[in-house]
Amino acid sequence: MTKSIVVASALALACAVGPAIAADLPSTKAAPAFIPPLAPPPLWTGFYVGLNAGYTWSNSDTVAQSYWDTDAAGLGANALIGNFPGSINANVSGFIGGGQIGYNSQVSDKFLWGVEADIQGVATSGSTAALTGASAYTTLSRGIDYIGTARGRLGYLVTPTLLAYATGGLAYGQTNLSASYLGAPTIVASDSYSDLRIGYAVGGGLEWLFAPRWSAKVEYLYYDLGTASTPGAVYAYTSALGSQISGAQSSTRFDGHIARAGLNYHFDWFKPAPIIAKF
């Protein structure tokens, strides 16, 4: 009897304690899947627009003069005795200012590529030089009204917000060149050239992303628009041998340097939408 009571009590205790112990055991139900946080987007990727200002100066200052003559009293004959120059130096320089638009693609934490187009007006870019001979006077003028570029950029991120880059591509500019000649006894001649020229530009710079959408840059460019010549001045006259004709032509290379600073605003069009985890 007593033995039966003990066995029954043990079974009852086991039935009561079992569920309580089971409740404390770890659950076998799978935990929600872990969704890692999205990596921050590249700081530099996207479109931008900005303004720039700086200074430009010519690399080649020489304007070469060539002459021809059918007798001994025109432009060519006067050039032979030193009345008209074989060349004149005329520097093209001045303040420059304009705007730019571009796009960057940051391909890693260290490198990016991009494209940029800009256009600038040149203040006081025209240069006039004069030369006086024994009995003649020459006036020469050349200049660049505006200059623009369309370039690629390849950059290295020194820090996440400091970019060092090299750049190169197309350059274009409105160029002009003119010359006039006065000489004894009645020499009066002139000609001029004005045209949009295409060339190239190369350089580099530093750009600092000092705020989430703003960057400042300093940049140097060398541009080369090639060599241009005037159509040629013509002076006709009469000598003892009859009707004569003479001419003169000017040619120069339009190349130079640009040093400038700029400010860019970056559009935040590529910021990803936040991820909402669902369990």
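The values are calculated or read from the model by the stated rules, or taken from the named source; none is laboratory data. Owing to the predicted nature of the structure, the values given are computational and were not obtained by experimental measurement. Cβ atoms come from the backbone with ideal geometry, glycine included; neighbour counts cover every protein chain shown.
Given the options Thr167, Thr138, Thr186, name the one that is more than 30 Å from Ala73 (Cα to Cα) and among the hydroxyl-bearing types (Ser, Thr, Tyr).
Values: Thr138 fails: more than 30 Å from Ala73 (Cα to Cα); Thr186 fails: more than 30 Å from Ala73 (Cα to Cα).
On inspection, the qualifying residue turns out to be Thr167.
To keep it simple, each residue is scored yes or no on (1) β-branched (Val, Ile, Thr); (2) modelled with pLDDT under 95; (3) over 26 Å from the mean Cα position of the chain (by Cα).
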| residue | (1), (2), (3) |
| --- | --- |
| Ser194 | no, no, no |
| Ile198 | yes, no, no |
| Val202 | yes, no, no |
| Thr227 | yes, no, no |
| Tyr235 | no, no, yes |
| Phe254 | no, no, no |
| Phe267 | no, no, no |
| Lys278 | no, yes, yes |
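Pull up the stretch 110-126, narrow it to residues that are modelled with pLDDT under 95 and more than 17 Å from the chain's Cα centre (by Cα), then point me to the one that is surrounded by the most Cβ atoms within 10 Å (Cβ to Cβ). Talk me through it step by step, then tell me what you get.
Just the residues of the stretch 110-126 that are modelled with pLDDT under 95, to begin with: 122-126.
Pick out the ones that are also more than 17 Å from the chain's Cα centre (by Cα) and you get 123-126.
Working: Ala123: 12, Thr124: 10, Ser125: 26, Gly126: 16.
Checking each candidate, the answer is Ser125.
Here are Gly143, Gly102: which of them is crowded, with 17+ Cβ neighbours inside 10 Å and within 20 Å of Thr230 (Cα to Cα)? Reasoning before the result, please.
Working: Gly102 fails: within 20 Å of Thr230 (Cα to Cα).
Just one listed residue meets the conditions, Gly143.
List pairs: first in the stretch 239-257 and closer than 15 Å to Trp68 by Cβ, second surrounded by 19 or more Cβ atoms within 10 Å (Cβ to Cβ) and among the basic types (Lys, Arg), Cβ under 9 Å, 6+ apart or cross-chain?
Ser250/Arg142
Of everything in the stretch 64-109 that's under 14 Å from the mean Cα position of the chain (by Cα) and aliphatic (A, V, I, L, M), which residue is nearest to Leu170 (Cα to Cα)? Please lay out each step first, then the result.
At the first step, the residues of the stretch 64-109 found to be under 14 Å from the mean Cα position of the chain (by Cα) are 96-104.
Next cut, aliphatic (A, V, I, L, M) only: 96, 101.
Values: Ile96: 18, Ile101: 15 Å.
Going through the qualifying residues, I end up with Ile101.
Scan the stretch 224-245 and tell me whether some residue there is buried (at least 18 other Cβ atoms within 10 Å of the Cβ), out of contact with any Gly (no Cβ under 9 Å at 6 or more places or on another chain), hydroxyl-bearing (Ser, Thr, Tyr) and outside any strand (DSSP E or B).
yes
Go through Leu157, Leu182, Leu163 for me and flag whichever is under 22 Å from the mean Cα position of the chain (by Cα), farther than 23 Å from Tyr223 by Cα and part of a strand (DSSP E or B).
Values: Leu182 fails: under 22 Å from the mean Cα position of the chain (by Cα); Leu163 fails: farther than 23 Å from Tyr223 by Cα.
Exactly one of Leu157, Leu182, Leu163 is under 22 Å from the mean Cα position of the chain (by Cα), farther than 23 Å from Tyr223 by Cα and part of a strand (DSSP E or B), namely Leu157.
Can you tell me which condition Gly152 does not meet? The list is (1) touching a residue at least 40 places away in the same chain (Cβ under 8 Å); (2) surrounded by fewer than 18 Cβ atoms within 10 Å (Cβ to Cβ); (3) among the small types (Gly, Ala, Ser), and all the others hold.
Failing condition for Gly152: (1).
Look through Gly98, Gly143 and report the one residue that is touching a residue at least 24 places away in the same chain (Cβ under 8 Å), part of a strand (DSSP E or B) and more than 30 Å from Gln249 (Cβ to Cβ).
Numbers: Gly143 fails: more than 30 Å from Gln249 (Cβ to Cβ).
Unique residue meeting the criteria: Gly98.
Looking at the stretch 205-221, which of its residues are under 22 Å from Thr149 (Cα atoms) and crowded, with 16+ Cβ neighbours inside 10 Å?
Passing the criteria: Gly205, Glu207, Ser215, Lys217, Glu219, Leu221.
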